[in-house]
Amino acid sequence: MPEASLAKTYDPAGTEARWQAAWETAGAFHPDPAAPGEPFAVVIPPPNVTGSLHMGHAFNTALIDTVVRFQRLRGRNVLCLPGTDHASIAVQTILEKQLKAEGRSREELGREAFLERAWAWKAESGGTIVGQLRRLGYSVDWRRERFTLDAGCSAAVVEAFVRLHQQGLIYRGEYLVNWCPASGSAVSDLEVEMKEVDGHLWHFRYPLADGPAADGRTHLEVATTRPETLLGDTAVAVNPVDPRYAALVGRRLRLPLVGREIPIVADDHVDPDFGTGCVKVTPAHDPNDFAIGQRHNLPLVTVMSRDGTMNEAAGRFQGLDRFAARTAVVEAMEAEGCLVKVEPYRHSVPFSDRGKVPVEPLLSTQWFVRTEPLAARCRDALADPAGPSPRFVPERWSKVYRDWLTDIRDWCISRQLWWGHRIPAWFVVSETGGVITDTTPYVVARDAAEARAQAEAQFGGGTHAHPLVLEQDPDVLDTWFSSGLWPFSTLGWPDAAAADLARWYPTSVLVTGFDIIFFWVARMTMLAGAFLAEEGRPPAAWMPFADVYIHGLVRDEQNRKMSKSAGNGIDPLLLIERYGADALRFALVREVAGAGQDIRLDYDRQSDTSATVEAARNFATKLWNATRFALLNLGGETPASLGEPDPAALQLADRWILSRLARVNQETAERYASYALGEAARGLYEFAWNEVCDWYLELIKRRLNPGENPSPEALADQRTARQVLAKVLSELLVMLQPLMPHLSEELWHGLTGAAEGEFLALQAWPTANGAALDDALEASFLELIEAIRVVRNLRAVAGLKPSQPAPVQFVSGRPELAALLRQASADIAALTRAESVTVLDPAGAETARAQRTLAGVSGELQVLLPLEGLVDLDSLRGRLEKDIAKAEKEIAGLSGRLANPNFAGKAPPEVVAECQANLAEAQAQAELAR
RNA sequence: GCGCGAUUAGCUCAGCGGUAGAGCAGCUGUCUUACACACAGCAUGUCGCUGGUUCGAAUCCGGCAUCGCGCACCA
């Protein structure tokens, strides 16, 4: 037996915690790869272990969970796999900060102790976000939770590295990389963010080394935003077609402060119209200059160390921090009379994403992934004749993805950090005097033993005097390298026979924000291409996901991007505590509009309240109360015990709501399936509130309470109403489950009396009853609703108290409408407090109108309220005048249109006919109002 | 510089070729036995500007403006 009733108010906190525990204990979302049902898999974007839940996670979670819960209802064998990311730089930064506070450094601690500490930190603090994700009611399989640094993922990383190396897609070499002095590591191009800063442009004079030019010039003038790099200049470049300098190309300049002679070279890169048309060239400290240097075979002079201080090549500036050196160089240049001028200058400076300091382009030996072959495979997949793979939703993001893959640079994957996957390369240091140099030979292997075997094969076993000594590369891999394997490493790859991999790969959809299309999405597709794209396999078979659903950002109440540094984040947990997780989820999804636009969450920082989330909470309460109402009126029966209603017994309202139910079912399923989640949420909201609660529940109240000593007919009708009510409500709860899982679970249990161990989340999506669909009925029901509205409006105009009964008369020349109104007269009476409802034909209306009546119109329907006294004539006149004005405006517009011969001639006949009908109606309306 | 998105009621946004919509907020009533986190009713717009296509444009096309984002970047 179901509970006889629900508590008067809904308590989200208790309910949510209870169902979360019940689902998890029962393993409700722990799928069996051997179970039937078409597979549907999603791996969640693993949040950083350092993180705590922010609104972006809540949003992403709400969207993913809505999709997977829907697919589960549809009978798919759903795997939704959770996990976290080890976040190499972020974790290391936190730990180094801690060490610094203790007056220590990681070098003092040593690698092993440092890593021990890191794991301890992870064990202690790494679970925060996972616990917070649980509070959203995420229907993931917690038993399959993964971590990018766990044993399985680590093995996958090693395997991936080894195979890429075998394929010739990984190389090591000295290149100009983005060096982050704050983290002491190289970072990839993607981790560099250009920021506009107010700086200066210093103009310097470089004297000609070999005497004045033919025209008497003794020097060239160059401009720079980074004077400290001057120390590493190895040329000055001019444009080859620049007449000012043509004669000087090939001559030499003396570099001030340093004294080095450097050539004047001609290079297309130089824009003759900018500044003086002369560019100082520092190949070791600027990417463009590096390229110029390559073209002209210029030497590379590195003047800076990895910690951001000047090195021995900087001469007297050695030891200075790069920014101190800047000042010092300018002062020295001024002292030498080589400073021409300084002007303020706003320009872009590359900043490290993580370190928040300017990155330094620095020559360094690093590991790289050769990306072009992988990118090409992805571009081909996107252009696959069988359809793009993956399919982006909204489609426009595929262009962003493709463009990035089209002009891609190699990916620097080594990081000079300790927390992460250590690079599986062993240097044969015995070949280079016991240390790792840029030229030390190395082997790439799965472990030390394999490395030794390889090295011995290559270099022999060594001798007693000179044993073969191997040392593993101390560096770790970019965190995104392991993230890039996530969709298959978590399913068991590289074990091709792994049950999960066989069952759920490729996954169905990736749901994520556009900000990590390059970082993550493209890396996953490229790496999948490297390992899972066998010859002849179509892209859809190896791409890690069929669809990529890209959603927007959650912005704050002022439309600002939420960010930690700006401190404008809105804490999801605060909102969950105040309104419930279901309310937050529903609010977020409901805000989603069409094509992945950003959503804005309104928020009052004084009171920590949000009208948007509050509205969703109110909706939850509405559903709670509607179910309470049902429980009070179902006589202790359940949807199952009541059974399906007899179609022959259905009343007008029943047929209407069942038609609406079937339609909403179809629409909602289609919307969920096509990621139109905002539309799905809004559609259900409107159906539940405006149709089920506002109209259907009101309409059946009389039938549910047939009074004392009811007739057998009344009892039968009561049962019909109960059957329909139970059906509508229980199916509505199923449809809402993906959006509001806890509330719907709770209400469904209340309504059905299902056992504790049974879950709404695991029920089947209700079959839409196509036979119940009835367009004509829905249309005429709208007319009925409209008629009731007119009556209510007239009563309001007349100033009638809601409780005061009054007679109502309808006049319609349309027999069907008249019949409908007669059929529904008892309903109308109930909903308008009518003491009587009369439906007249136009002929009979004359007499009625002769009395003192209030009149209103809806379409061609007249509504009359015969009232003696109590009528506020002024407001009535006001209203009627408004009606007339509106009708006249319409008449003018429509007749103008009809008078245009082009319209009548060219517009489709049905449009013209509709226009004529509308005109006739408007004229009738104006007439009536007068 | 190149590209993308946005611009509709006070606010948040739907609508994307046939007479401008919703939800909040606002105003007026109401304890009508599920719900005042509610019910009923009422207001509210040169659909950014400007050309064009069309019988007809918020909707399609061209320009412009403003805001936002991405990519590239001149020292």
What is the number of the single condition among (1) in contact with a strand residue (DSSP E or B) (Cβ under 7 Å, 6 or more places away or on another chain); (2) away from RNA strand B (no atom under 14 Å from the Cβ) that A:Gly569 does not meet? (1)
Please return the ranges of helices (runs of 4 or more DSSP H) entirely within region A:531-641 where 2 or more residues are closer than 27 Å to A:Thr15 by Cα. A:572-579, A:581-590, A:611-633
Return the total of residues in region A:170-184 being farther than 25 Å from A:Phe351 by Cα and either among the acidic types (Asp, Glu) or surrounded by fewer than 19 Cβ atoms within 10 Å (Cβ to Cβ) (or both). 1
Pairs, first assigned to a loop (DSSP other than H, G, I, E, B) and of a type in the set (Gly, Ala, Ser) in region A:253-271, second modelled with pLDDT under 95 and within 16 Å of RNA strand B (Cβ to nearest atom), C-beta under 7 Å, six or more apart: none
So which of A:Trp179, A:Trp142 ends up being among the aromatic types (Phe, Trp, Tyr), more than 14 Å from RNA strand B (Cβ to nearest atom) and under 30 Å from A:Ala21 (Cα atoms)? A:Trp142
Restrict the check to region A:356-369 and report whether at least one residue is within 16 Å of RNA strand B (Cβ to nearest atom), under 30 Å from A:Ile94 (Cα atoms), in contact (Cβ under 8 Å) with a residue 24 or more places away in the chain and surrounded by fewer than 16 Cβ atoms within 10 Å (Cβ to Cβ). yes
Number of positions in region A:448-477 that are surrounded by fewer than 17 Cβ atoms within 10 Å (Cβ to Cβ) and free of Cβ contacts under 8 Å to residues at least 40 places away in the same chain: 16
All positions within region A:264-284 that are out of contact with any strand residue (DSSP E or B) (no Cβ under 8 Å at 6 or more places or on another chain) and surrounded by fewer than 22 Cβ atoms within 10 Å (Cβ to Cβ): A:Asp268, A:Asp271, A:Asp273, A:Phe274
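Working carefully through the options A:Glu644, A:Glu557, A:Glu577, A:Glu637, find the one that is within 10 Å of RNA strand B (Cβ to nearest atom), among the acidic types (Asp, Glu), on the phi < 0 side of the Ramachandran plot and open to solvent by 40 Å² or more (accessible area, probe 1.4 Å).
Numbers: A:Glu644 fails: within 10 Å of RNA strand B (Cβ to nearest atom); A:Glu577 fails: within 10 Å of RNA strand B (Cβ to nearest atom); A:Glu637 fails: within 10 Å of RNA strand B (Cβ to nearest atom).
Going through A:Glu644, A:Glu557, A:Glu577, A:Glu637 in turn, just one is within 10 Å of RNA strand B (Cβ to nearest atom), among the acidic types (Asp, Glu), on the phi < 0 side of the Ramachandran plot and open to solvent by 40 Å² or more (accessible area, probe 1.4 Å): A:Glu557.
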Matching residues in region A:457-479 - criterion: being closer than 23 Å to A:Val192 by Cβ and acidic (Asp, Glu): A:Asp475, A:Asp478
Test A:Val592 against the criterion of being modelled with pLDDT of 90 or more, within 14 Å of RNA strand B (Cβ to nearest atom) and aliphatic (A, V, I, L, M), and give yes or no. no
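Go through region A:272-291 and report how many residues are within 20 Å of A:Trp179 (Cβ to Cβ) and in contact (Cβ under 8 Å) with a residue 40 or more places away in the chain. Before the answer, list the steps.
Start the filter on region A:272-291 by keeping residues that are within 20 Å of A:Trp179 (Cβ to Cβ), which leaves A:281-291.
Filter again for in contact (Cβ under 8 Å) with a residue 40 or more places away in the chain, leaving A:281-287, A:290.
Adding up the residues that qualify gives 8.
Go over the candidates A:Leu697, A:Leu715, A:Leu658 one by one and state the one that is more than 30 Å from A:Val589 (Cβ to Cβ) and either open to solvent by 10 Å² or more (accessible area, probe 1.4 Å) or outside any helix (DSSP H, G or I) (or both).
On the way: A:Leu697 fails: more than 30 Å from A:Val589 (Cβ to Cβ); A:Leu658 fails: more than 30 Å from A:Val589 (Cβ to Cβ).
After applying the criteria, what remains is A:Leu715.
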Run A:Glu698 past the list (1) more than 29 Å from A:Arg74 (Cα to Cα); (2) more than 12 Å from RNA strand B (Cβ to nearest atom); (3) in contact (Cβ under 8 Å) with a residue 12 or more places away in the chain and report the number of the one that doesn't hold. (2)
Regarding A:Ala386, is this residue at pLDDT below 95, over 26 Å from the mean Cα position of the chain (by Cα) and within 30 Å of A:Ile64 (Cα to Cα)? yes
For region A:396-428, how many residues meet the condition of being over 26 Å from the mean Cα position of the chain (by Cα), of a type in the set (Val, Ile, Thr) and surrounded by fewer than 18 Cβ atoms within 10 Å (Cβ to Cβ)? 0
Restricting to region A:185-196, give me the number of residues that are part of a strand (DSSP E or B) and surrounded by 16 or more Cβ atoms within 10 Å (Cβ to Cβ). 4
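Within region A:527-543, identify whether any single residue is buried (at least 23 other Cβ atoms within 10 Å of the Cβ), within 16 Å of RNA strand B (Cβ to nearest atom) and of a type outside the set (Phe, Trp, Tyr), and answer yes or no.
Our first condition is that a residue be buried (at least 23 other Cβ atoms within 10 Å of the Cβ); within region A:527-543, this holds for A:527-528, A:539, A:543.
Subsequent filtering for residues that are within 16 Å of RNA strand B (Cβ to nearest atom) retains none.
No, every residue in region A:527-543 fails to be buried (at least 23 other Cβ atoms within 10 Å of the Cβ), within 16 Å of RNA strand B (Cβ to nearest atom) and of a type outside the set (Phe, Trp, Tyr).
Within the group A:Arg143, A:Arg111, A:Arg117, which residue is open to solvent by 40 Å² or more (accessible area, probe 1.4 Å) and in contact with a helix residue (DSSP H, G or I) (Cβ under 7 Å, 6 or more places away or on another chain)? Steps first, answer last, please.
Numbers: A:Arg143 fails: in contact with a helix residue (DSSP H, G or I) (Cβ under 7 Å, 6 or more places away or on another chain); A:Arg111 fails: in contact with a helix residue (DSSP H, G or I) (Cβ under 7 Å, 6 or more places away or on another chain).
None of the others qualify; the one that does is A:Arg117.
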The correct count of residues that are near RNA strand B (Cβ under 8 Å from one of its atoms) and either in contact with a His (Cβ under 6 Å, 6 or more places away or on another chain) or within 26 Å of A:Gly184 (Cβ to Cβ) (or both) in region A:258-316 is 3
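Working carefully through the options A:Ala62, A:Ala90, find the one that is buried (at least 24 other Cβ atoms within 10 Å of the Cβ), assigned to a helix (DSSP H, G or I) and touching a residue at least 40 places away in the same chain (Cβ under 8 Å). Outline the logic, then answer.
On the way: A:Ala90 fails: buried (at least 24 other Cβ atoms within 10 Å of the Cβ).
Just one listed residue meets the conditions, A:Ala62.
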Test for A:Val157: is it crowded, with 20+ Cβ neighbours inside 10 Å, out of contact with any Lys or Arg (no Cβ under 7 Å at 6 or more places or on another chain), at pLDDT 95 or above and within 30 Å of A:Arg18 (Cβ to Cβ): no
First in region A:222-245 and more than 24 Å from A:Asn311 (Cβ to Cβ), second anywhere and within 12 Å of RNA strand B (Cβ to nearest atom) and charged (D, E, K, R), Cβ under 6 Å, 6 or more apart: A:Ala237/A:Asp267
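Matching residues to (1) open to solvent by less than 10 Å² (accessible area, probe 1.4 Å); (2) over 16 Å from A:Val692 (Cα atoms); (3) within 9 Å of RNA strand B (Cβ to nearest atom); (4) not aliphatic (A, V, I, L, M):
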residue	(1), (2), (3), (4)
A:Gln606	no, yes, no, yes
A:Val613	yes, yes, no, no
A:Leu632	no, yes, yes, no
A:Asn665	yes, no, no, yes
State the number of residues belonging to region A:781-825 that are without any contact (Cβ under 8 Å) to a residue 24 or more places away in the chain and within 12 Å of RNA strand B (Cβ to nearest atom). 2
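Which fully enclosed helices (runs of 4 or more DSSP H) of region A:815-880 have 3 or more residues being modelled with pLDDT under 85?
Working: elements: A:815-823, A:825-832, A:842-850.
Output list reads A:842-850.
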Quick check on my filter: what residues within region A:197-214 are assigned to a loop (DSSP other than H, G, I, E, B) and either in contact (Cβ under 8 Å) with a residue 12 or more places away in the chain or near RNA strand B (Cβ under 9 Å from one of its atoms) (or both)? A:Ala209, A:Asp210, A:Ala213, A:Ala214
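The values are calculated or read from the model by the stated rules, or taken from the named source; none is laboratory data. In this text the structure is predicted, and so the values were computed from the model without any measurement. Cβ: placed from backbone, ideal geometry, glycine included. Neighbour counts: every protein chain shown. The accessibility values were calculated without ligands, DNA or RNA, using every heavy atom of the protein model including side chains. Shrake-Rupley method; radii C 1.70, N 1.55, O 1.52, S 1.80 Å.
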